[in-house]
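Engineer: Questions regarding the structure given below will be posed in turn.
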Amino acid sequence: MEKFNIDDYIVAPEESVAKRVIYKDENTLAFILSIAPGKSLPDHTHENSTLMIQILKGEGIINIDGSPVSVEKNHLVQLEGQEEMSVDNTGEEILELYVTISPQPLSDRYSQNADL
């Protein structure tokens, strides 16, 4: 058993986006994604995985295969890894997302902390 505090992984983005990995193993990847106001996470996919995205704070749009889905605090969005997605922060505060991906994609680029 491990216990985590989400606040330990929330950081203000230096530029546009900050990603902090909470947990990873061969089956699961969990991380916090913080997107600055007016900024976006570019289009990408997640191989053959399933994603669950919980909005912790803020509001935005998750674009899934070109279709915009408005989201705000406490919304939960599920999508398949083959679906192309991007995220736009449309609010005035940092958009904070808790993301789980299962199984973890094969590429190591998904499981690394990042500052974009």
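Taken together, the values in this text are just the output of simple stated rules run on the coordinates, not laboratory data. The model shown is predicted, which means the values in this text are computed figures rather than measured ones. Don't worry about glycine lacking a Cβ; one is built from the backbone with ideal geometry, like all the others, and counts go over all protein chains shown.
Engineer: Filter the chymotrypsin sites (Phe, Trp or Tyr not before Pro) in the range 1-81 to those in DSSP coil with at most 14 other Cβ atoms within 10 Å of their Cβ, and list the result. Write out the running numbers ahead of the final one.
Structural biologist: Values: sites: Phe4, Tyr9, Tyr23, Phe31; in loops: Phe4.
Hits after loop and neighbour filter: Phe4.
Engineer: Something else about it: In whole Hz, with x marking every Gly and Pro, tabulate ³J(HN,Hα) for the range 39-44 from phi via Karplus 6.51 cos²θ - 1.76 cosθ + 1.60, θ = phi - 60°.
Structural biologist: 9, 9, 9, x, 4, 6
Engineer: Next question. I'd like to know which of Leu95, Pro42, Gly60 lies farthest towards the positive end of the charge dipole of the chain, counting +1 on Cβ of Lys and Arg and -1 on Cβ of Asp and Glu.
Structural biologist: Leu95
Engineer: Grab the Cα-Cα distance for Thr28 and Leu106, subtract it from 0.36 nm times how many residues apart they are, and report the gain in nm with one decimal.
Structural biologist: 27.0 nm
Engineer: Another one. Which value, in Å to one decimal place, does the Kirkwood hydrodynamic radius take for the chain when every pair of different Cα atoms is included?
Structural biologist: 14.1 Å
Engineer: Along the Cα→Cβ direction, 7 angstrom out, place labels at Thr50 and Ser16. What is the inter-label distance in nm?
Structural biologist: 3.0 nm
Engineer: Can you compute the charge dipole magnitude of the range 26-106 about its Cα centre, using +1 on each Lys and Arg Cβ and -1 on each Asp and Glu Cβ, nothing else charged? Give it in debye, rounded to the nearest 20. Walk me through the numbers before you get to the answer.
Structural biologist: Details: 3 positive and 13 negative charges, 47 e Å.
About 220 debye.
Engineer: Dividing the alpha-carbon radius of gyration of the range 54-116 by 2.2 N^0.38 Å (N being the number of residues), what value is obtained?
Structural biologist: After normalising by residue count via 2.2 N^0.38 Å, the value is 1.16.
Engineer: Where the centroid of each part is defined by its Cα atoms, how far is the range 1-36 from the range 78-101 in Å?
Structural biologist: Each part's Cα centre sits 13 Å from the other's.
Engineer: Hey, what did the chain get for relative contact order, percent, Cα under 8 Å, at least 6 apart?
Structural biologist: Worked out over the chain, it gives 35 percent.
Engineer: Counting only trypsin sites (Lys or Arg not before Pro) that are in a DSSP loop and have at most 15 other C-beta atoms within 10 Å, tell me the longest site-free stretch of the chain. If you can, show how the numbers build up before the last one.
Structural biologist: Working: sites that count: Lys3, Lys73.
With trypsin sites (Lys or Arg not before Pro) excluded where exposed in loops, the chain gives 4-72 as its longest stretch.
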